[in-house]
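Colleague: Take a look at this one; I'll ask things after.
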Amino acid sequence: MPEEGSESRSFRIIPLICALLAIALGLLTLIGWISGVPLLASVRASYIPMAPSTAFCFTLIGVGLIAHLLKAALRWIPRVVASVVLAVVCAKLVEIFGDLNFGIDPWFVRNPGLFGAVPTGRMAPMTAINFLFIGTGLLALTGRQPAKFAGPLGALAAVIGAVVLVGYWYGTPLLYGGHTIPVALSTACGFFLSGIGIVMAAGATGWPLRAFLGDSTRALLLRAFVPLITAAALINGWINARLPARIHVNPAVTSALCAVVFAALIALIISQISRVVGGRIDRAEAARNLAQAELLALNAHLETKVQERTRELRLKNQQMKEELQMARELQIALLPQKFPTVPADVPVQESALRFLSLYFPTGDVSGDFFNVFPIGEKAAGIFICDVMGHGVRSALITSMIRGLVEEHVQAAADPGELLTRINRALAVILKQADTTMFATCFYVVADVERAQLRFANAGHPSALHIQHGNGAAHKLQGNGRPGPAIGIFPTASYVTSTSPMKKGDRVMLFTDGLFEVEDASGTLFTEEQLHTTVTRYAGLPAQEFFDRVISDVRQFSERKSFDDDVCVVGMEVQHTG
C-alpha cells in the first residue's frame, strides 16, 4: 500500500495533469476552428471534429478543476465554471431535441462553411449528456460531501469516454454514435481525462477509488484483475474485429489465436490469484504462527509466574494459618483455666460458688469471651461478651474489652457502673481509630454474703436463673430494659438490677450462637426453646446438665459444629451466708 504522503500527492498531481490535458485539448480545437487548421480540430480528415462548444466546455472544466485543486479560496471558480458548462449543454440539448439553433458553435468559427470535409455541426446528444455528468461532478467537488457524488459522476463520464474510444479502436460506429450525431474521438479523450481528474480529486474515500485502494483482499484483487481483464478483452476484440480484415487470415486461425489468448489470460488470472490471495494467506498464516508461538511463550511465562505466585500465596496462607492458630491458642489461654473459690482460701469442694464453661469458636479466632474473677471475700463476678463479626477484628476488640475490665476492676462490685465505664472508654478508642464496632455484654455479681445476684445487661441475651426446687428457668432481666451494646453511644449508662439466690440455684450465661441455629428446613432454635430445654434438664448434676443442653441444640441443627461462636458459663450456688 502506498504511503500516505505519496498517495496524497497523487490525488493532486494526477487530476492536475488531466485538467491541463483537457484544457490543451479544448484550446487546440478552438484554435483549429478559428484558424482553419484541420489537424487541430480533428485527428483525421475522415473523423468528425470536436464541436467548438464542446472544446469550450472542456477548457472551462479544466480551469475549474485546477482552481479547485490549487487554492481553497478559489472554490467559487469551479461553481461558476460548472454552472456555465451546465447552461451551455442545456442549451445544446434544447437545440437537439427542439430543432432550434442558438448559433453557439458559429461564434467560434470564422468561416461557418466546410471545415475540411466536415461542416460545423451541433454537439452530439451523448456529448451533452456526458457534460451534465462532468459539470455536476465538478459542482459536487465544492460541496460538503464531494466523495459521495463527485467520484461516481466522474467515473460514469470516464467510462462513457472509454466506450467511445473502444468503438473507434474496433471500428464500431454503434459505440460512438449509431444513428445520432457521433461523438468525436478527441471528445472521448476529453471525457476520459476529465472523468479521471474528477474521480482523483474526490479522494480515496469516494467511490470507485475506495474499492481499489487500501490493503484489503478485495482491493488487491481489483487492482490485480481489472486492468488485466480489461486489456485482455480489448485485445481479444481487436483480434476478432480488425485482424482478419488487416492481414486476410483464415477465420480458423483467428479462432485459434483467440483461444490461445484466452488460455494465456486464464493462466495469468490463476497466477495472479495465487500471488495475491495465496500470498496474503501465507502471510496471514505466518503471522498466525508467529502470534501462536508468542502466545505459547507468554502462556508458559504466565504459567511460571502463576506457579511462583501460587507458591508464595501458599506460603503466606500457611503463615497466616499458623499465626491465626497461634492467636487462637493464645486467646484460649487467656480464658480462665481455673475458677476462683469463695472465699479465696478454701478448697474447691468447700467453695460457696462453683463454675464451669464451654467454649466453641467457629474460626481460628473468636469474638466471644468470658471472665470469672473474685470480688472481695464473699462475691465473684462473671463477665461474658460477644463482639460483632468474626475473625481478627473481633478478636482485637475482645482483647481491648478484657483489658478495660481489668483496668476498671475497682468498679466490679457494681455491674451497671462497670459497664458504663467500659462503654465510655471503648467508644473513645473506636472513634480515634475511625472504625465502627460494638459488643454485647452481660455481667453478673454473685454475692454469697447477701445471697444476692446483681447484674447489668448491654444488649446481650439475658442470663438464665435456674431456681433450686421447682427447676424453672427465669431470665435475669430486672426492672429495666437492657442497655445498648457497648462501643456505640459514649454517654450511655447501665442500670444494676438485683435478684435473690439460694443454695442449689444455677446461673447460665451464654452468647447468641447457642440458640441462633437452624435445622435442615431453615427453622430457628429460638431462645424460648432454649429455656424449655434448660428447664427439662434442671434436675441433673451441673456438668451433665450443660452437656445435655448443648447436645439437644446440636441434635436440632443436625450438625456437629455451630454456625456462630458459642460461649457458655455456668455457676452453681453451694451455700450462702
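Colleague: Would you please put 307-317, 85-95, 19-29 in order of how densely packed they are, using the mean number of other Cβ atoms within 10 angstrom per residue and starting with the highest?
Modeller: Values: 307-317: 10.3, 85-95: 18.1, 19-29: 21.1.
Descending mean neighbour count gives 19-29, 85-95, 307-317.
Colleague: Sort D563, D434, D447 so the one with the fewest other Cβ atoms within 10 Å of its own Cβ comes first.
Modeller: Details: D563 12, D434 6, D447 20.
Sorted ascending by nearby Cβ count, the order is D434, D563, D447.
Colleague: While we're looking at this one, here's another question. Taking the Cα-to-Cβ direction at V94 and at K316 and moving 7 Å from each Cα, how far apart do the two end points lie in nm?
Modeller: 9.0
Colleague: Okay, moving on. For A433 paired with A291, estimate the spin-label separation in nm (one decimal), with each label point 7 Å from Cα along the Cα-to-Cβ line.
Modeller: 5.4
Colleague: While we're on this one: Starting from the Cα-Cα distance between W207 and W76, subtract it from 0.36 nm times their residue separation and give me the gain in nm to one decimal. Before the final figure, lay out the partial values.
Modeller: Working: separation 131, 0.36 × 131 = 47.16 nm, distance 2.44 nm.
Value of the extension gain: 44.7 nm.
Colleague: Check which residues have an amide H placed less than 5 Å from N457's amide H, if you skip close sequence neighbours.
Modeller: G483, V495
Colleague: Which order do F360, F546 fall in if you start with the one that has the fewest other Cβ atoms within 10 Å?
Modeller: Numbers: F360 18, F546 22.
With the sparsest Cβ surroundings first, the list reads F360, F546.
Colleague: Would you mind calculating the gained length between S35 and E303 on full extension (0.36 nm times residue separation, minus the Cα-Cα distance), in nm to one decimal? Please report the intermediate quantities before stating the final value.
Modeller: Numbers: separation 268, 0.36 × 268 = 96.48 nm, distance 8.77 nm.
87.7 nm is the gain from fully extending S35 to E303.
Colleague: Can you give the FRET efficiency for Q325 and Q555, using 1/(1 + (r/R0)^6), R0 = 45 Å, r = Cβ-Cβ distance, to the nearest 0.05?
Modeller: Details: r = 30 Å, r/R0 = 0.66.
Plugging the Cβ-Cβ distance into 1/(1 + (r/R0)^6) gives 0.95.
Colleague: Sort the following peptides by mean Cβ neighbour count (other Cβ atoms within 10 Å, averaged over residues), highest first: 293-304, 501-512. Let's see the in-between values first.
Modeller: Details: 293-304: 10.1, 501-512: 20.4.
Order by mean packing, descending: 501-512, 293-304.
Colleague: Another one. I'd like the Karplus ³J(HN,Hα) series for region 492-499: coefficients 6.51, -1.76, 1.60, θ = phi - 60°, whole numbers in Hz, and an x wherever there's a Gly or Pro.
Modeller: 5, 10, 10, 9, 8, 10, 10, 8
Colleague: What ranking do 190-198, 489-497, 391-399 get when scored by the average of other Cβ atoms within 10 Å per residue, highest first?
Modeller: Listed from highest to lowest mean packing, they are 190-198, 391-399, 489-497.
All of the numbers you see were taken from the coordinates with simple rules; none came from a lab. Just so we're clear, the structure is a prediction, and the values are computed from it rather than from any experiment. For neighbour counting, all protein chains shown are included, and Cβ atoms are generated from backbone atoms with ideal geometry for every residue, glycine included.
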